[in-house]
Structure formats: C-alpha cells, structure tokens
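Accompanying notes for the structure given below.
The values are calculated or read from the model by the stated rules, or taken from the named source; none is laboratory data. Bear in mind that the values here come from a model prediction, so they are computed numbers and not experimental data. We place every Cβ from the backbone using ideal geometry, glycine too, and count neighbours over all the protein chains shown.
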Amino acid sequence: MRTHPIEIAPSVLAADLANLAAEVRKVEAAGAQVIHFDVMDGHFVPNISMGVPVLASLRKATSLPLDVHLMIERPGEYVEAFAHAGADRILIHQEATAHLDRVLAQIRDLKVEAGVVINPGTPVATLVEVLDRVDTVLVMSVNPGFGGQSFIPGSLNKIRELKLMRPRYNGTYRIEVDGGVDMKNVADLVRAGADTLVAGTSIFHTADPAAALRQMQTLAHDSLTQKV
C-alpha cells in the first residue's frame, strides 16, 4: 500500500520565466497537484535562479502548493522569508547546514512542511536522525545546479531504501525525486517508491506542456498495476 498519492511536480526552472504565470496555469489546468520552485545561490550550486520576490509573485498566480527547494548555503537564514512569500513546503539540503535538525524545526515552527534533500554522492544513512521528523525526503537524481541533465540510475536504489526505512523510523515522509525525470523512467521511479516526481525539461521544453504532464501522470499511475 502506498503511503502517499503520486504527484507530478512541474519545475518552473524549465518554464518560460517571462510568462511564468501563464506557464503554471497551463499545467494547473492539466491536473498538476504541486509546483516545484528551485532556488540557487551560485555558491552551494554553480548557478543562480529565482528568489523570494518571484515566489511571492507566483503565489498570487496559483492556488497549488509550492514546493520550494533551497539549493543555498545557510538555509536557516532564509526559510522565514520563503515561508512568508507563500511556500507550502520548504526543502533544505543535508549538505548545506551543520544544524539540520534545528533548521527543519524552524521550518515546522513556521507552519510549513519541512523536507530534506540529499545529493547524488550523499548516502541515505546520513538522514536517519531526522527521518521521523520530516514531511518529505528529496533524492537528487542529478547533480544540482542545472536542468536538462541525465538521470543517475543509482538513485533508484536510494528511493527503494527510503521506502524500506519508513516503518523502521516511524516515518510517514513523502519520497520525492528530482533530476532527469522523463517518460522513459517515470514507471521505474514510481515502482521503486517515489511519490513526487519533479519534471522540468520533460514538461516545459515540449510543444504542449499540458499534454506532457497528462502523459506522465498516465504512465505513473499505470505503472502501479503493471507486473514487473
């Protein structure tokens, strides 16, 4: 039995940012359940992306939950601003803070769902002390910083491991995967245990993002009834 329903989370990092509200409305109308919002600082990852003002503007354009992924140094200094700007979920990297438990508690105190993220080179075992106190665990299936990268196959093992660890650590966390998610691997990801699939390029870099989202949703849900 699945702990959570499957979500496809379109990542606006890959959207046309000059028409962000319209891009989000396309996928919202097609049945998107959550929007993924990447924040990069040029230090923790080698790229710079959107920040608090863009999130606040996006909040006015959609009623969907906003899944805010902070790829930044010193996330504890910024979580309050992102919460006030409209984040529904805030995810921070295990590698970005020496005080992971403290920052996760800070997020929960702001009445926002708290999530933790691990990079491809970080073992799942580094999270055992917080698994009973997070709403989401996000597995990076590419090295963070840029969209359009190829999926790292070993990420499937991390997803399977997190699924097995849920009852052991009294966890109810959602398992999220981000990076290289496309039509070819969505079924494998769902069968491994992923609940939320972040997809940017494979949705927004198509002729019809709404149709791409619906196709991915169909593939994800059909995989649950397929024999392997």
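Summary table
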{"quantity": "Unique residue being farther than 20 Å from Glu176 by Cβ and either of a type outside the set (A, V, I, L, M) or out of contact with any strand residue (DSSP E or B) (no Cβ under 9 Å at 6 or more places or on another chain) (or both) when the list is Pro10, Pro46", "calculated": "Pro46"}
{"quantity": "Residue list for region 174-184, filter: within 16 Å of the chain's Cα centre (by Cα) and either assigned to a loop (DSSP other than H, G, I, E, B) or of a type in the set (Phe, Trp, Tyr) (or both)", "calculated": "Gly179, Gly180, Val181, Asp182"}
{"quantity": "Options Ala220, Ala210, Ala187, Ala194: the member that is touching a residue at least 12 places away in the same chain (Cβ under 8 Å), touching a helix residue (DSSP H, G or I) at 6+ places or on another chain (Cβ under 8 Å) and assigned to a loop (DSSP other than H, G, I, E, B)", "calculated": "Ala194"}
{"quantity": "Sole exception among (1) in contact with an Asp or Glu (Cβ under 7 Å, 6 or more places away or on another chain); (2) over 19 Å from Ala96 (Cβ atoms); (3) not basic (Lys, Arg); (4) not in a helix (DSSP H, G or I) for Ser150, by number", "calculated": "(1)"}
{"quantity": "Some residue of region 114-127 being surrounded by fewer than 17 Cβ atoms within 10 Å (Cβ to Cβ), over 18 Å from the mean Cα position of the chain (by Cα) and not in a loop (DSSP other than H, G, I, E, B)", "calculated": "yes"}
{"quantity": "Close pairs from region 149-165: first loosely packed, with under 14 Cβ neighbours inside 10 Å, partner part of a loop (DSSP other than H, G, I, E, B), Cβ under 8 Å, at least 6 apart", "calculated": "Ser150/Val142; Ser150/Gly180; Gly154/Pro120"}
{"quantity": "Residue list for region 128-141, restricted to those being surrounded by 14 or more Cβ atoms within 10 Å (Cβ to Cβ) and either in contact with a helix residue (DSSP H, G or I) (Cβ under 8 Å, 6 or more places away or on another chain) or modelled with pLDDT under 95 (or both)", "calculated": "Val130, Leu131, Arg133, Val134, Val137, Val139, Met140, Ser141"}
{"quantity": "Close pairs from region 86-113: first under 16 Å from Met71 (Cβ atoms) and in contact (Cβ under 8 Å) with a residue 40 or more places away in the chain, partner aromatic (Phe, Trp, Tyr) and surrounded by 16 or more Cβ atoms within 10 Å (Cβ to Cβ), Cβ under 6 Å, at least 6 apart", "calculated": "Ala96/Phe44"}
{"quantity": "Of all residues in region 197-207 being in a loop (DSSP other than H, G, I, E, B) and free of Cβ contacts under 8 Å to residues at least 40 places away in the same chain, the one that is surrounded by the most Cβ atoms within 10 Å (Cβ to Cβ)", "calculated": "Thr206"}
